[in-house]
1. Multiply the residue separation of Asn295 and Asp335 by 0.36 nm, subtract the distance between their alpha-carbon atoms, and state the gained length in nm to one decimal.
2. Below 8 Å, C-alpha to C-alpha, sequence gap of six or more: please give me the relative contact order for segment 390-500 in percent.
3. Residue farthest toward the positive end of the dipole of the chain, with Cβ of Lys/Arg at +1 and Asp/Glu at -1: which of Tyr32, Met199, Phe286?
4. Charges only on Cβ, +1 for Lys and Arg, -1 for Asp and Glu: so what's the dipole of segment 435-519 about the Cα centre, in debye to the nearest 20?
5. Explain nothing, just the number: relative contact order of the chain, from Cα pairs under 8 Å at least 6 residues apart, as a whole percent.
6. Any lysines with Cα under 24 Å of the Lys232 Cα? List them, leaving off those in the same chain fewer than 8 positions away.
7. Helix by helix through the chain, keep the DSSP H runs that span 15 Å or more along the axis on Cα and average at least -1.0 on Kyte-Doolittle, and give those back in order.
8. log₁₀ I(q)/I(0) of segment 324-395 at q = 0.18, 0.22 Å⁻¹, via Debye over equal Cα point scatterers, no solvent, to two decimals?
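The values are calculated or read from the model by the stated rules, or taken from the named source; none is laboratory data. Every value quoted in this text rests on a predicted model; they were computed, and no experiment measured them. Cβ coordinates were reconstructed from backbone atoms using ideal geometry, including for glycine residues, and neighbour counts include every protein chain displayed. Note: areas computed on protein heavy atoms with side chains; ligands, DNA, RNA excluded. Shrake-Rupley method; radii C 1.70, N 1.55, O 1.52, S 1.80 Å.
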Amino acid sequence: MFLIKWLWKNMKGDRAVYSTALFLTVICQSMYIITPSIIQRITDTYLVGPEAAENLRTGTDHLVFLLIIMVGFTLLRAVIQYTANMCYEHASQGIIYRIRKVLFDKIETQSAAFYDIYRTGDIMTRVTGDLEMVRHSIAWIIKVTLECIVLYSATMVFFFSIDWLMALCMIALTPVILLITRSFKNVVGPYYVDLREKMSDLNTCAEENISGNRVVKAFAREEEEIKKFDKKNKDYNEANKKAAFTWLKYFPGLEITAQSLSVVCLVFGGLFVIWGRITLGEYAAFAGLVWTLSNPMRTLGNIINDYQRFTASANKIIELYYAHPTILDREDAKDKPERFEGKIEFRNVSFSYGKKEVLKDISFTVNPGETVAIMGATGTGKTTLVELIPRIYDVNEGMVLVDDTDVRRLKLKQLRGAIGIAAQDVLLYSDTIEGNISFGNIDLPEDEVEKYAKAADAHNFILHTSDGYDTIIGERGVGLSGGQKQRISLARALAVKPSILILDDTTSAVDLETERNIQTALRNLDFPCTKIIIAQRISSAKDADKIIVLGKDGRIEEIGTHSELIEKDGYYRQVYELQK
């Protein structure tokens, strides 16, 4: 019942169309009893009745009229069925459009922790294959279910209006059908849940290998990854066959029972005609409508089969549909439309991923316009620390303040709009170079795009690409070197003229000369900006106003200027000695 309510909720805008389709289905299926009713009348009046010959001689016009009515109703039924199908298709496409939009909105607004749990392949399965199964349920499963109910009910009403005993004989096998389908439903349900998981695993494996194809080639892992995919493919195939063969195991029982209705009609109908209980025309009506009982019985298994698949898919969609981000604007969030000054303060901050503690009791202050470098060994939480500023994650203890306000009390859009980030893992979109640089400010003039490309020392290599700033970048920046991608990423971060600029090892893939050019440009920006730089090179950190070194225990191990830290016998000096 919950699934039906959920579907109805998302059908807003197409409810009238879908209701019309349901109404037309009821009318269309009810009309199937008209033709056998007319055949009954023709048979008893013009073919086998005591006055059949006389009626045939004197009532030809009436016979022709009945035949025209039969043809007319058949054509009308076809028109109604076609109209209903068009309405079902229109409504199903409309609801899927709305659900897909909601799902993408949910995906876009989820917190980072969401992506730590859900795999890309699984999310893609939900917004593609699972959604198509939902559309199929609206356009086919509900439609066919209603057709079977109306057709069966209308037929039984018609049968009982002719002869109650013959009608009882015709429905005697119904309990057998219900028992078989109930048993099938209980057995096949878990199989489709497992099948859905196997499909997700298969899509995830394919997605990871497609997006990571260069890594696969670099390590000559093609054969191993093919074997891995083959295993996932085989698991999905086995799950599919298990579900399909379960249906085939129950199908003969349903088919034999449904076909037995013809035998029941022949035996009992023949006896009742011989005994004079029903006329030959009435028998013809029963015989002509045997399929309206057997077909719903035969279809019931397919409906149950598809319904189980729909349930498995719908539950996955609903899980995503009602997922809420953990990081949201508070009701008392402070509105700050003016430009941020760029002051940052960490006050006794601790953070954990689950039970794994990453940062412990972090405290420091960055004044507006200052440059702070963050260094430390791999895995000390440098990236996590800077991600707490734009609230990619929220602290477990303590607080992070921007302009003396806890970031949890600032509006996310305003906070993040004031921060430019050039991440360590550069993601460029399948767009022009200009489109990637102006990603955070789509109205950025062309000369401004070039200005920030120059600041990132990217202008010269961009001019040497095939179409300059109009060059289309391949997916995830395919065709560009690591250093080139980093420079475009830096230009993108600068283009929003941020109050706070976060550079996560942004110059690790560029040469020393390029790094010097970038540092010079960063010192001479034409807008006030606080800079936080995660660096591994001393050359990137030595000119900072403050250098923070994180230890492996997640605490601040050292803090000071370049000249102060090289006087200490700590991590910074060790790196300095290695790199000088």
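1. So the extension gain works out to 8.0 nm.
2. Relative CO of segment 390-500 lands at 38 percent.
3. Checking the options against the dipole of the chain, the answer is Phe286.
4. Dipole of segment 435-519, to the nearest 20 debye: 180 debye.
5. 14
6. Correct list for Lys232: Lys198, Lys217, Lys241, Lys242, Lys316.
7. Long hydrophobic helices here: 15-30, 60-109, 142-162, 174-211, 222-274, 290-321, 482-494, 512-523.
8. -0.89, -1.20
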